[in-house]
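For reference, the structure is listed below as structure tokens.
The values are calculated or read from the model by the stated rules, or taken from the named source; none is laboratory data. The model shown is predicted, which means the values in this text are computed figures rather than measured ones. Note: ideal-geometry Cβ built from the backbone for every residue, glycine included; neighbour counts use all protein chains shown.
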Amino acid sequence: LNALEEPFRSALVLFYLQEHSYREIAEILEVPIGTIMSRISRGKEMLRAKLDAHDSVAAPVAAGRETRT
Amino acid sequence: MNTQEAKEILAAFRPGTDDEQDPIFAEALQMARTNSELKAWWNDSLVFDKRMRRDLRRVIAPAPVREAILAGQFTGGLAKLSAEQFARIVLAYEPVWAIGTGKTATPGMAAAAHSFLRGQVAAHFGSPAAEECRILYGGSVNPGNCAALMEEDELDGALVGGASLDPNSFAAIVKC
């Protein structure tokens, strides 16, 4: 989450960690509901891309270790 | 509504919450039941959300993040009170992950949060108010952990939830 850029990070921290609804997030960040929905949606896509990239780097390393032992 | 718009709306949906009665999701949810592409995306999205919530619960937030959350809650809930009103307040710190879960903050974690909150009281209402303010710890307090928690000077008492429903358990906590 820290690797995400604002304003997507704040939206997802409030969504996942604080478990707020989109309406509550819109009130907290003082932005329209449609904007928050867009930020949650785009933020998730970015997060997923980062996790996929991380997994694809981590997997061969883990596999390599397994082979050596 | 096209598929992309439905995805954007569904991304904000939280199953098992008030969102299920929120009309803003109704059309997108209906589409997710009938549109096979959207249905597949939606199932995948639910799995991703579940994984994220599970994994993030395992991460202990860094101190600056915890302090930012506490400062925001303090300012939002209490900073507008007058000094006279605040003098009648008893503060309770209760980590959200410790409410009814059986998980308790360690005495050190609780003391650090209380110390930070006392600093917030000092900043908003002055040092005398901070010294006099009682800050209770809540979140799965029970007879087994109460004594260790209460050894911390920063903890002025306990906010007892589920353990108060059993008279013997509550009595044991009172005696701590």
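For the stretch B:15-32: of the residues being within 11 Å of chain A (Cβ to nearest Cβ), surrounded by 12 or more Cβ atoms within 10 Å (Cβ to Cβ) and without any contact (Cβ under 8 Å) to a residue 12 or more places away in the chain, which is farthest from A:Y16 (Cα to Cα)?
Ranking the candidates gives B:D22 first.
Checking B:M1 against (1) in a loop (DSSP other than H, G, I, E, B); (2) under 24 Å from the mean Cα position of the chain (by Cα), which test does it fail?
(2)
Of all residues in the stretch A:40-55, which are in contact with a Leu (Cβ under 8 Å, 6 or more places away or on another chain) and more than 7 Å from every other protein chain (Cβ to nearest Cβ)?
A:G43, A:M46, A:L47, A:K50 - these are the residues of the stretch A:40-55 that are in contact with a Leu (Cβ under 8 Å, 6 or more places away or on another chain) and more than 7 Å from every other protein chain (Cβ to nearest Cβ).
What single numbered condition from (1) among the aliphatic types (A, V, I, L, M); (2) within 12 Å of chain A (Cβ to nearest Cβ); (3) not in a loop (DSSP other than H, G, I, E, B) fails to hold for B:V59?
(3)
Based on what the data block shows, is B:L149 in contact (Cβ under 8 Å) with a residue 60 or more places away in the chain and closer than 18 Å to B:V90 by Cβ?
Criteria not met by B:L149.
Testing B:R51 on (1) basic (K, R); (2) within 8 Å of chain A (Cβ to nearest Cβ); (3) assigned to a helix (DSSP H, G or I), one condition comes back false. Which one is that?
Result: B:R51 passes all but (2).
Tell me the residue from B:A98, B:A110, B:A148, B:A105 that is of a type in the set (G, A, S), more than 25 Å from B:V65 (Cβ to Cβ) and modelled with pLDDT under 95, please.
Exactly one residue qualifies, and that residue is B:A148.
Taking B:K7 as meeting all but one of (1) in contact (Cβ under 8 Å) with a residue 12 or more places away in the chain; (2) more than 9 Å from chain A (Cβ to nearest Cβ), write down the number of the exception.
In the conditions (1) in contact (Cβ under 8 Å) with a residue 12 or more places away in the chain; (2) more than 9 Å from chain A (Cβ to nearest Cβ), B:K7 misses (2) alone.
For a quick check of your reading of the model, give me the residue pairs whose first member lies in the stretch A:6-33 and is at positive phi, whose second is surrounded by fewer than 16 Cβ atoms within 10 Å (Cβ to Cβ), with beta-carbon atoms closer than 9 Å and at least 6 apart or on different chains.
A:E19/B:T17; A:E19/B:R53; A:E19/B:V96
Given the conditions (1) in contact (Cβ under 8 Å) with a residue 24 or more places away in the chain; (2) loosely packed, with under 15 Cβ neighbours inside 10 Å; (3) over 26 Å from B:Q85 (Cβ atoms), and given that B:D166 satisfies all but one, which numbered condition is not satisfied?
Of everything listed in (1) in contact (Cβ under 8 Å) with a residue 24 or more places away in the chain; (2) loosely packed, with under 15 Cβ neighbours inside 10 Å; (3) over 26 Å from B:Q85 (Cβ atoms), B:D166 misses just condition (1).
Kindly indicate which of B:E131, B:E84, B:E67, B:E37 is of a type in the set (D, E), within 30 Å of A:L51 (Cα to Cα), in a helix (DSSP H, G or I) and in the same structural domain as B:A163 (by TED's automatic domain parsing).
Among B:E131, B:E84, B:E67, B:E37, only B:E67 is of a type in the set (D, E), within 30 Å of A:L51 (Cα to Cα), in a helix (DSSP H, G or I) and in the same structural domain as B:A163 (by TED's automatic domain parsing).
Mind checking whether some residue in the stretch B:112-119 is under 17 Å from the mean Cα position of the chain (by Cα), among the charged types (D, E, K, R) and outside the structural domain of B:I9 (by TED's automatic domain parsing)?
Checked against the condition, which is being under 17 Å from the mean Cα position of the chain (by Cα), among the charged types (D, E, K, R) and outside the structural domain of B:I9 (by TED's automatic domain parsing), the stretch B:112-119 yields no hits at all.
Among residues belonging to the stretch A:19-39 that are within 8 Å of another protein chain (Cβ to nearest Cβ) and outside any helix (DSSP H, G or I), point out the one that is surrounded by the fewest Cβ atoms within 10 Å (Cβ to Cβ).
Looking at residues that are within 8 Å of another protein chain (Cβ to nearest Cβ) and outside any helix (DSSP H, G or I), I get A:E19.
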